[in-house]
Amino acid sequence: MEEAGWQVIPFAMQHPDNLNSQWSDYFIDEIEFGANYSLWDKLVRIPKIIYSFEAQRNLDALINKTSPNICHAHNIYHHISPSIFKTLKKHNIPTVLTLHDLKLACPAYKMLTHDGICERCKQGNLFNVIKHKCVKNSATVSSIAFMETTLHRTLGSYVNNVDRFIVPSRFYLEKFVEWGFPRDQFIYIPNFVDLEKYKPNFSAGNKFLYFGRLGHEKGLTTLIEAAAIAKVQLVFAGTGPEEKSLQKLARDLNVDAEFLGFLNGDNLYAAIRSSKCVVLPSEWYENAPISLMEAYALGKPVIGADIGGIQELVIDKVTGVGFESGSKESLANALTYINERSNPQIEEMGKAGRNWVESEFTANLFRSRLVELYNQLSVESE
(Lines give C-alpha, C1' and ligand atoms only; values in the text may rest on other atoms or scores of the structure.)
Protein backbone atom coordinates (compact mmCIF):
# COMPACT_ATOMS: atom_id res chain seq x y z
CA MET A 1 0.00 0.00 0.00
CA GLU A 2 2.90 2.36 0.69
CA GLU A 3 4.27 1.59 -2.79
CA ALA A 4 0.91 2.79 -4.14
CA GLY A 5 1.23 6.10 -2.26
CA TRP A 6 -0.74 5.35 0.90
CA GLN A 7 0.47 6.30 4.36
CA VAL A 8 0.24 3.18 6.53
CA ILE A 9 0.15 3.71 10.30
CA PRO A 10 0.68 0.53 12.35
CA PHE A 11 -1.02 -0.18 15.66
CA ALA A 12 0.28 -3.29 17.40
CA MET A 13 1.69 -4.57 20.68
CA GLN A 14 5.19 -3.93 21.96
CA HIS A 15 7.55 -6.78 21.10
CA PRO A 16 11.35 -7.12 20.90
CA ASP A 17 11.08 -8.41 17.31
CA ASN A 18 9.03 -5.44 16.08
CA LEU A 19 10.27 -3.35 13.18
CA ASN A 20 11.10 0.23 14.12
CA SER A 21 8.11 2.56 13.90
CA GLN A 22 7.56 6.22 14.68
CA TRP A 23 4.20 5.18 16.13
CA SER A 24 5.47 2.58 18.62
CA ASP A 25 4.76 4.82 21.63
CA TYR A 26 1.08 4.11 20.99
CA PHE A 27 1.53 0.33 20.95
CA ILE A 28 0.11 -1.69 23.84
CA ASP A 29 2.08 -3.81 26.32
CA GLU A 30 3.23 -7.22 25.15
CA ILE A 31 0.90 -10.21 25.64
CA GLU A 32 2.15 -13.68 24.69
CA PHE A 33 0.51 -16.93 25.82
CA GLY A 34 3.83 -18.75 25.58
CA ALA A 35 5.92 -16.19 27.48
CA ASN A 36 7.48 -16.98 30.86
CA TYR A 37 5.58 -14.37 32.88
CA SER A 38 5.40 -14.28 36.67
CA LEU A 39 2.07 -15.25 38.25
CA TRP A 40 1.32 -11.57 38.91
CA ASP A 41 2.09 -10.58 35.31
CA LYS A 42 -0.17 -13.35 34.06
CA LEU A 43 -3.03 -12.17 36.30
CA VAL A 44 -2.56 -8.59 35.08
CA ARG A 45 -2.69 -9.65 31.43
CA ILE A 46 -5.78 -11.88 31.57
CA PRO A 47 -8.31 -8.99 31.65
CA LYS A 48 -6.48 -7.34 28.72
CA ILE A 49 -6.81 -10.51 26.68
CA ILE A 50 -10.56 -10.54 27.25
CA TYR A 51 -11.20 -6.80 26.85
CA SER A 52 -8.38 -4.26 26.56
CA PHE A 53 -9.13 -0.75 27.79
CA GLU A 54 -5.46 0.03 27.23
CA ALA A 55 -5.85 -0.74 23.53
CA GLN A 56 -8.91 1.49 23.35
CA ARG A 57 -7.11 4.41 25.03
CA ASN A 58 -3.98 4.11 22.92
CA LEU A 59 -5.87 3.71 19.67
CA ASP A 60 -8.11 6.65 20.53
CA ALA A 61 -5.00 8.81 21.00
CA LEU A 62 -3.46 7.54 17.75
CA ILE A 63 -6.67 8.28 15.81
CA ASN A 64 -6.83 11.81 17.21
CA LYS A 65 -3.21 12.30 16.17
CA THR A 66 -3.43 10.90 12.62
CA SER A 67 -7.11 11.03 11.46
CA PRO A 68 -6.99 7.82 9.38
CA ASN A 69 -9.38 7.16 6.50
CA ILE A 70 -9.78 3.45 7.11
CA CYS A 71 -8.70 0.68 9.50
CA HIS A 72 -7.58 -2.71 8.22
CA ALA A 73 -7.17 -5.19 11.08
CA HIS A 74 -5.32 -8.50 11.17
CA ASN A 75 -5.10 -11.06 14.01
CA ILE A 76 -6.03 -8.62 16.77
CA TYR A 77 -7.72 -11.25 19.00
CA HIS A 78 -5.98 -11.87 22.34
CA HIS A 79 -3.11 -9.45 21.74
CA ILE A 80 -5.05 -6.23 21.15
CA SER A 81 -8.60 -7.57 21.67
CA PRO A 82 -11.77 -6.78 19.70
CA SER A 83 -12.43 -3.90 22.10
CA ILE A 84 -10.78 -1.60 19.55
CA PHE A 85 -13.65 -2.01 17.10
CA LYS A 86 -15.93 -0.01 19.40
CA THR A 87 -13.35 2.80 19.40
CA LEU A 88 -13.14 2.76 15.61
CA LYS A 89 -16.93 2.84 15.37
CA LYS A 90 -17.03 5.86 17.70
CA HIS A 91 -14.74 7.72 15.30
CA ASN A 92 -16.80 6.58 12.27
CA ILE A 93 -13.76 4.95 10.68
CA PRO A 94 -14.64 2.24 8.14
CA THR A 95 -13.14 -1.02 9.41
CA VAL A 96 -12.23 -4.29 7.73
CA LEU A 97 -10.86 -7.42 9.36
CA THR A 98 -9.03 -10.06 7.34
CA LEU A 99 -9.88 -13.52 8.66
CA HIS A 100 -6.72 -15.59 8.49
CA ASP A 101 -8.31 -18.30 10.65
CA LEU A 102 -11.70 -19.39 12.01
CA LYS A 103 -11.51 -17.48 15.32
CA LEU A 104 -14.71 -15.56 14.60
CA ALA A 105 -16.62 -18.85 14.89
CA CYS A 106 -14.25 -21.09 16.84
CA PRO A 107 -12.63 -19.86 20.09
CA ALA A 108 -9.67 -22.17 19.32
CA TYR A 109 -9.12 -20.69 15.82
CA LYS A 110 -8.89 -23.96 13.85
CA MET A 111 -12.06 -26.05 14.32
CA LEU A 112 -9.61 -28.78 15.27
CA THR A 113 -9.23 -30.67 18.51
CA HIS A 114 -7.75 -33.90 19.87
CA ASP A 115 -10.02 -36.10 17.73
CA GLY A 116 -9.72 -34.18 14.46
CA ILE A 117 -12.00 -31.68 12.72
CA CYS A 118 -14.41 -30.24 15.28
CA GLU A 119 -17.59 -28.19 14.81
CA ARG A 120 -19.09 -28.87 18.25
CA CYS A 121 -19.55 -25.16 18.97
CA LYS A 122 -21.66 -24.61 15.84
CA GLN A 123 -24.92 -24.37 17.78
CA GLY A 124 -23.41 -21.85 20.18
CA ASN A 125 -22.29 -24.18 22.98
CA LEU A 126 -18.88 -22.61 23.44
CA PHE A 127 -18.25 -24.51 26.67
CA ASN A 128 -16.87 -27.29 24.46
CA VAL A 129 -13.64 -25.31 24.19
CA ILE A 130 -13.06 -25.81 27.92
CA LYS A 131 -14.35 -29.38 28.00
CA HIS A 132 -11.92 -30.48 25.28
CA LYS A 133 -9.09 -28.11 26.27
CA CYS A 134 -8.97 -26.90 22.68
CA VAL A 135 -6.41 -24.11 23.15
CA LYS A 136 -2.88 -25.36 23.83
CA ASN A 137 -4.41 -28.42 25.56
CA SER A 138 -4.84 -26.19 28.64
CA ALA A 139 -8.04 -25.81 30.65
CA THR A 140 -6.85 -22.40 31.89
CA VAL A 141 -5.99 -20.95 28.50
CA SER A 142 -9.12 -22.51 26.99
CA SER A 143 -11.21 -20.89 29.73
CA ILE A 144 -9.75 -17.48 28.86
CA ALA A 145 -10.60 -18.05 25.19
CA PHE A 146 -14.12 -19.09 26.21
CA MET A 147 -14.64 -15.93 28.28
CA GLU A 148 -13.22 -13.69 25.58
CA THR A 149 -15.39 -15.17 22.83
CA THR A 150 -18.55 -15.21 24.97
CA LEU A 151 -18.10 -11.56 25.98
CA HIS A 152 -17.50 -10.26 22.47
CA ARG A 153 -20.38 -12.22 21.01
CA THR A 154 -22.64 -10.77 23.71
CA LEU A 155 -21.36 -7.25 22.97
CA GLY A 156 -21.52 -7.77 19.20
CA SER A 157 -17.95 -6.50 18.98
CA TYR A 158 -17.44 -7.99 15.53
CA VAL A 159 -20.75 -8.01 13.71
CA ASN A 160 -21.86 -4.58 15.00
CA ASN A 161 -18.59 -2.72 14.48
CA VAL A 162 -16.68 -4.32 11.59
CA ASP A 163 -17.92 -3.20 8.19
CA ARG A 164 -16.47 -6.07 6.14
CA PHE A 165 -14.71 -9.32 6.84
CA ILE A 166 -12.18 -10.23 4.16
CA VAL A 167 -11.75 -13.97 3.58
CA PRO A 168 -8.90 -15.29 1.38
CA SER A 169 -10.81 -18.49 0.55
CA ARG A 170 -14.36 -19.10 -0.60
CA PHE A 171 -14.44 -22.10 1.73
CA TYR A 172 -14.03 -19.88 4.78
CA LEU A 173 -16.72 -17.51 3.54
CA GLU A 174 -19.20 -20.35 3.18
CA LYS A 175 -18.17 -21.85 6.54
CA PHE A 176 -18.86 -18.58 8.38
CA VAL A 177 -22.23 -18.22 6.64
CA GLU A 178 -23.02 -21.85 7.54
CA TRP A 179 -22.34 -20.94 11.17
CA GLY A 180 -24.87 -18.10 11.03
CA PHE A 181 -22.85 -15.01 10.14
CA PRO A 182 -24.40 -12.54 7.64
CA ARG A 183 -23.18 -13.19 4.09
CA ASP A 184 -23.31 -9.54 3.05
CA GLN A 185 -20.66 -8.67 5.65
CA PHE A 186 -18.06 -10.92 3.97
CA ILE A 187 -16.00 -10.41 0.84
CA TYR A 188 -13.61 -12.81 -0.88
CA ILE A 189 -10.21 -11.32 -1.67
CA PRO A 190 -7.57 -13.98 -2.37
CA ASN A 191 -4.00 -13.85 -1.10
CA PHE A 192 -1.14 -12.86 -3.38
CA VAL A 193 2.54 -13.46 -3.99
CA ASP A 194 5.07 -10.87 -5.10
CA LEU A 195 6.16 -12.47 -8.34
CA GLU A 196 9.34 -10.40 -8.51
CA LYS A 197 10.72 -12.55 -5.67
CA TYR A 198 9.97 -15.89 -7.36
CA LYS A 199 11.98 -17.00 -10.36
CA PRO A 200 10.49 -20.29 -11.59
CA ASN A 201 12.30 -23.48 -12.50
CA PHE A 202 9.96 -25.70 -14.49
CA SER A 203 12.43 -28.60 -14.80
CA ALA A 204 11.14 -31.59 -12.85
CA GLY A 205 13.24 -32.83 -9.95
CA ASN A 206 13.12 -36.29 -8.42
CA LYS A 207 11.54 -35.74 -4.99
CA PHE A 208 8.21 -34.64 -3.52
CA LEU A 209 8.50 -31.69 -1.14
CA TYR A 210 6.49 -30.60 1.88
CA PHE A 211 7.45 -27.30 3.45
CA GLY A 212 5.88 -25.78 6.53
CA ARG A 213 5.16 -26.64 10.14
CA LEU A 214 5.62 -30.27 11.14
CA GLY A 215 2.40 -30.58 13.14
CA HIS A 216 -0.22 -33.32 13.40
CA GLU A 217 -2.88 -31.25 11.60
CA LYS A 218 -0.73 -31.12 8.46
CA GLY A 219 -1.33 -34.77 7.52
CA LEU A 220 2.35 -35.69 7.41
CA THR A 221 1.89 -39.16 8.88
CA THR A 222 -0.51 -39.86 6.02
CA LEU A 223 2.07 -38.49 3.58
CA ILE A 224 4.81 -40.83 4.79
CA GLU A 225 2.44 -43.82 4.75
CA ALA A 226 1.37 -42.90 1.22
CA ALA A 227 4.99 -42.54 0.12
CA ALA A 228 5.65 -46.07 1.40
CA ILE A 229 2.86 -47.34 -0.84
CA ALA A 230 3.86 -45.26 -3.90
CA LYS A 231 7.59 -45.82 -3.30
CA VAL A 232 8.57 -42.19 -3.86
CA GLN A 233 11.18 -39.95 -2.25
CA LEU A 234 10.19 -37.19 0.17
CA VAL A 235 11.81 -34.00 1.40
CA PHE A 236 10.57 -32.06 4.46
CA ALA A 237 11.54 -28.42 5.00
CA GLY A 238 10.41 -27.16 8.39
CA THR A 239 10.34 -27.94 12.08
CA GLY A 240 7.63 -28.68 14.59
CA PRO A 241 6.42 -30.97 17.38
CA GLU A 242 6.06 -34.00 15.11
CA GLU A 243 9.56 -33.91 13.64
CA LYS A 244 11.10 -36.80 15.60
CA SER A 245 8.05 -39.05 15.32
CA LEU A 246 7.90 -38.45 11.57
CA GLN A 247 11.59 -39.32 11.19
CA LYS A 248 11.00 -42.55 13.11
CA LEU A 249 7.95 -43.42 11.03
CA ALA A 250 9.92 -42.88 7.83
CA ARG A 251 12.66 -45.22 9.09
CA ASP A 252 10.15 -47.84 10.22
CA LEU A 253 8.39 -47.82 6.82
CA ASN A 254 11.67 -47.67 4.90
CA VAL A 255 10.68 -44.40 3.21
CA ASP A 256 13.43 -42.32 1.64
CA ALA A 257 12.72 -39.06 3.49
CA GLU A 258 15.10 -36.17 3.96
CA PHE A 259 14.48 -33.64 6.75
CA LEU A 260 16.14 -30.31 6.00
CA GLY A 261 15.02 -28.43 9.10
CA PHE A 262 13.84 -24.82 9.00
CA LEU A 263 14.47 -23.02 5.72
CA ASN A 264 13.44 -19.60 4.51
CA GLY A 265 14.26 -17.12 1.78
CA ASP A 266 16.58 -18.24 -0.99
CA ASN A 267 17.36 -21.56 0.71
CA LEU A 268 13.68 -22.48 0.80
CA TYR A 269 13.11 -21.32 -2.76
CA ALA A 270 16.05 -23.45 -3.93
CA ALA A 271 14.53 -26.53 -2.27
CA ILE A 272 11.20 -25.89 -3.98
CA ARG A 273 12.79 -25.28 -7.38
CA SER A 274 14.69 -28.57 -7.19
CA SER A 275 11.59 -30.66 -6.35
CA LYS A 276 9.33 -32.63 -8.63
CA CYS A 277 6.13 -31.47 -6.94
CA VAL A 278 4.96 -29.80 -3.70
CA VAL A 279 2.54 -31.70 -1.44
CA LEU A 280 -0.01 -30.18 0.96
CA PRO A 281 -1.60 -33.15 2.77
CA SER A 282 -3.48 -31.14 5.43
CA GLU A 283 -6.16 -32.67 7.62
CA TRP A 284 -7.73 -29.48 8.96
CA TYR A 285 -9.57 -26.54 7.42
CA GLU A 286 -6.68 -24.67 5.82
CA ASN A 287 -7.61 -21.18 4.65
CA ALA A 288 -5.65 -20.21 1.52
CA PRO A 289 -2.06 -21.36 1.98
CA ILE A 290 0.55 -18.95 0.68
CA SER A 291 2.85 -21.97 0.39
CA LEU A 292 0.66 -23.30 -2.41
CA MET A 293 0.90 -20.04 -4.35
CA GLU A 294 4.66 -19.95 -3.74
CA ALA A 295 4.96 -23.41 -5.26
CA TYR A 296 3.11 -22.26 -8.37
CA ALA A 297 5.15 -19.05 -8.55
CA LEU A 298 8.35 -21.15 -8.52
CA GLY A 299 7.03 -23.36 -11.33
CA LYS A 300 5.97 -26.48 -9.43
CA PRO A 301 2.71 -28.45 -9.54
CA VAL A 302 0.89 -29.14 -6.27
CA ILE A 303 -0.70 -32.24 -4.78
CA GLY A 304 -3.36 -30.87 -2.45
CA ALA A 305 -5.86 -32.37 -0.01
CA ASP A 306 -9.52 -31.75 -0.77
CA ILE A 307 -10.07 -29.84 2.47
CA GLY A 308 -10.60 -26.19 3.36
CA GLY A 309 -9.37 -23.65 0.84
CA ILE A 310 -6.73 -25.96 -0.64
CA GLN A 311 -9.25 -27.63 -2.93
CA GLU A 312 -10.13 -24.37 -4.68
CA LEU A 313 -6.46 -23.67 -5.44
CA VAL A 314 -5.69 -26.94 -7.25
CA ILE A 315 -7.01 -27.49 -10.77
CA ASP A 316 -6.98 -31.27 -10.96
CA LYS A 317 -4.55 -32.64 -13.55
CA VAL A 318 -3.86 -29.10 -14.80
CA THR A 319 -1.90 -27.35 -12.03
CA GLY A 320 -1.56 -30.49 -9.90
CA VAL A 321 -3.66 -33.27 -8.38
CA GLY A 322 -6.25 -33.39 -5.62
CA PHE A 323 -6.83 -36.26 -3.23
CA GLU A 324 -9.07 -37.26 -0.32
CA SER A 325 -7.75 -35.69 2.88
CA GLY A 326 -6.64 -38.26 5.44
CA SER A 327 -6.58 -41.16 2.96
CA LYS A 328 -3.14 -42.67 2.46
CA GLU A 329 -4.46 -44.71 -0.48
CA SER A 330 -5.84 -41.63 -2.24
CA LEU A 331 -2.62 -39.69 -1.60
CA ALA A 332 -0.54 -42.64 -2.81
CA ASN A 333 -2.53 -42.60 -6.05
CA ALA A 334 -1.84 -38.87 -6.45
CA LEU A 335 1.88 -39.36 -5.83
CA THR A 336 1.94 -42.20 -8.33
CA TYR A 337 0.05 -40.13 -10.90
CA ILE A 338 2.64 -37.34 -10.77
CA ASN A 339 5.54 -39.80 -10.62
CA GLU A 340 4.37 -41.51 -13.80
CA ARG A 341 4.12 -38.27 -15.80
CA SER A 342 6.94 -37.42 -18.17
CA ASN A 343 9.15 -34.46 -17.37
CA PRO A 344 7.50 -32.33 -20.09
CA GLN A 345 4.05 -33.12 -18.61
CA ILE A 346 5.18 -32.10 -15.13
CA GLU A 347 6.76 -28.95 -16.54
CA GLU A 348 3.48 -28.14 -18.29
CA MET A 349 1.64 -28.38 -14.95
CA GLY A 350 4.21 -26.09 -13.36
CA LYS A 351 3.74 -23.55 -16.14
CA ALA A 352 -0.04 -23.73 -15.73
CA GLY A 353 0.33 -22.96 -12.02
CA ARG A 354 2.66 -20.04 -12.68
CA ASN A 355 0.27 -18.66 -15.32
CA TRP A 356 -2.63 -18.90 -12.87
CA VAL A 357 -0.73 -16.92 -10.25
CA GLU A 358 0.22 -14.30 -12.83
CA SER A 359 -3.42 -13.87 -13.88
CA GLU A 360 -5.18 -13.99 -10.49
CA PHE A 361 -2.89 -13.68 -7.48
CA THR A 362 -0.51 -10.75 -7.99
CA ALA A 363 0.29 -7.87 -5.65
CA ASN A 364 -1.26 -5.36 -8.07
CA LEU A 365 -4.52 -7.28 -8.24
CA PHE A 366 -4.60 -7.61 -4.45
CA ARG A 367 -4.04 -3.86 -4.05
CA SER A 368 -6.72 -2.94 -6.56
CA ARG A 369 -9.24 -5.23 -4.87
CA LEU A 370 -8.45 -3.69 -1.48
CA VAL A 371 -8.69 -0.12 -2.76
CA GLU A 372 -12.02 -0.86 -4.43
CA LEU A 373 -13.34 -2.12 -1.08
CA TYR A 374 -11.88 0.85 0.81
CA ASN A 375 -13.53 3.29 -1.58
CA GLN A 376 -16.86 1.51 -1.30
CA LEU A 377 -16.75 1.66 2.50
CA SER A 378 -15.74 5.31 2.47
CA VAL A 379 -18.81 6.14 0.40
CA GLU A 380 -21.04 4.08 2.72
CA SER A 381 -19.70 5.89 5.81
CA GLU A 382 -20.49 9.38 4.48
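Residues considered: 287, 333, 355. Of these, the only one that is among the polar types (S, T, N, Q), more than 27 Å from residue 218 (Cβ to Cβ) and at pLDDT 95 or above is 355. Condition check: crowded, with 16+ Cβ neighbours inside 10 Å and not in a loop (DSSP other than H, G, I, E, B). Does residue 141 satisfy that? So residue 141 fits the description; yes.
Quick one: in region 55-69, of everything that is touching a helix residue (DSSP H, G or I) at 6+ places or on another chain (Cβ under 7 Å) and buried (at least 16 other Cβ atoms within 10 Å of the Cβ), which residue is nearest to residue 81 (Cα to Cα)?
Ranking the candidates gives 55 first.
How about region 161-182: which of its residues are over 20 Å from residue 74 (Cβ atoms) and either assigned to a helix (DSSP H, G or I) or not aromatic (Phe, Trp, Tyr) (or both)? Step through it out loud before you land on a result.
The first filter runs over region 161-182 and keeps only residues over 20 Å from residue 74 (Cβ atoms), leaving 174, 177-180, 182.
Selection gives 174, 177, 178, 180, 182.
Checking each residue in region 235-245 for being crowded, with 21+ Cβ neighbours inside 10 Å, without any contact (Cβ under 8 Å) to a residue 40 or more places away in the chain and either among the hydrophobic types (A, V, I, L, M, F, W, C) or not in a loop (DSSP other than H, G, I, E, B) (or both) picks out 236, 237. Entry remark, region 361-382: residues being among the hydroxyl-bearing types (Ser, Thr, Tyr) and not in a helix (DSSP H, G or I) number 1 in total. From the list 87, 98, the lone residue that is in contact (Cβ under 8 Å) with a residue 12 or more places away in the chain and within 24 Å of residue 174 (Cα to Cα) is 98.
Looking at region 179-196, which of its residues are farther than 20 Å from residue 377 by Cβ and either in contact (Cβ under 8 Å) with a residue 24 or more places away in the chain or aliphatic (A, V, I, L, M) (or both)? Write out each step before concluding.
Taking region 179-196 as the starting set, the residues that turn out to be farther than 20 Å from residue 377 by Cβ are 179-180, 191-196.
179, 191, 192, 193, 194, 195, listed by residue number.
Check region 313-320 and report whether any residue there is farther than 26 Å from residue 101 by Cα and without any contact (Cβ under 8 Å) to a residue 60 or more places away in the chain. Checking region 313-320: at least one residue is farther than 26 Å from residue 101 by Cα and without any contact (Cβ under 8 Å) to a residue 60 or more places away in the chain. Restricting attention to region 335-351, the residues that are among the basic types (Lys, Arg) and part of a helix (DSSP H, G or I) add up to 1.
Within region 85-109, the only residue that satisfies the criterion of being among the charged types (D, E, K, R) and buried (at least 19 other Cβ atoms within 10 Å of the Cβ) is 103. For the condition in the same structural domain as residue 341 (by TED's automatic domain parsing), of a type in the set (Lys, Arg) and farther than 16 Å from residue 339 by Cα, what is the one hit in 276, 207, 244? Answer to the check: 244. Among the helices (runs of 4 or more DSSP H) confined to region 49-105, the ones with at least 2 residues that are of a type in the set (Asp, Glu) are located at 53-66. Entry remark, region 83-107: residues being within 21 Å of residue 309 (Cβ to Cβ) and either touching a strand residue (DSSP E or B) at 6+ places or on another chain (Cβ under 8 Å) or of a type in the set (A, V, I, L, M) (or both) number 8 in total.
From the list 172, 198, 188, which one is in contact with an Asp or Glu (Cβ under 8 Å, 6 or more places away or on another chain) and hydroxyl-bearing (Ser, Thr, Tyr)? Let's see the steps before the verdict.
Values: 172 fails: in contact with an Asp or Glu (Cβ under 8 Å, 6 or more places away or on another chain); 188 fails: in contact with an Asp or Glu (Cβ under 8 Å, 6 or more places away or on another chain).
Only one candidate passes the filter, namely 198.
Among the residues of region 222-229, are any acidic (Asp, Glu), in contact (Cβ under 8 Å) with a residue 40 or more places away in the chain and closer than 18 Å to residue 305 by Cβ?
Going through region 222-229, the residues acidic (Asp, Glu) turn out to be 225.
Filter once more, keeping what is in contact (Cβ under 8 Å) with a residue 40 or more places away in the chain: 225.
Adding the requirement that they be closer than 18 Å to residue 305 by Cβ leaves 225.
Yes, some residue in region 222-229 is acidic (Asp, Glu), in contact (Cβ under 8 Å) with a residue 40 or more places away in the chain and closer than 18 Å to residue 305 by Cβ.
As a summary of the residue check, residue 379 satisfies the conditions (1) over 21 Å from residue 189 (Cβ atoms); (2) without any contact (Cβ under 8 Å) to a residue 60 or more places away in the chain except for the one numbered (1). Annotation: residue 302 fulfils all but one of (1) closer than 16 Å to residue 189 by Cβ; (2) among the aliphatic types (A, V, I, L, M); (3) under 22 Å from the mean Cα position of the chain (by Cα); the unmet one is (1).
For region 302-334, a residue qualifies if it is surrounded by 21 or more Cβ atoms within 10 Å (Cβ to Cβ) and assigned to a strand (DSSP E or B), and the qualifying residues are 302, 303, 304, 305, 320, 321, 323. In region 138-157 there is no residue that is under 21 Å from residue 217 (Cβ atoms), modelled with pLDDT of 95 or more and among the hydroxyl-bearing types (Ser, Thr, Tyr).
Every residue, every condition in (1) closer than 30 Å to residue 98 by Cα; (2) in a strand (DSSP E or B); (3) touching a helix residue (DSSP H, G or I) at 6+ places or on another chain (Cβ under 6 Å), yes or no:
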{"residue": "210", "(1), (2), (3)": "yes, yes, no"}
{"residue": "222", "(1), (2), (3)": "no, no, yes"}
{"residue": "225", "(1), (2), (3)": "no, no, yes"}
{"residue": "250", "(1), (2), (3)": "no, no, yes"}
{"residue": "254", "(1), (2), (3)": "no, no, no"}
{"residue": "261", "(1), (2), (3)": "no, no, no"}
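The values are calculated or read from the model by the stated rules, or taken from the named source; none is laboratory data. As the structure is a prediction and not an experimental result, all values here were calculated from the model. Using ideal geometry, Cβ is built from the backbone for each residue, glycine included, and neighbour counts are taken over all protein chains shown.
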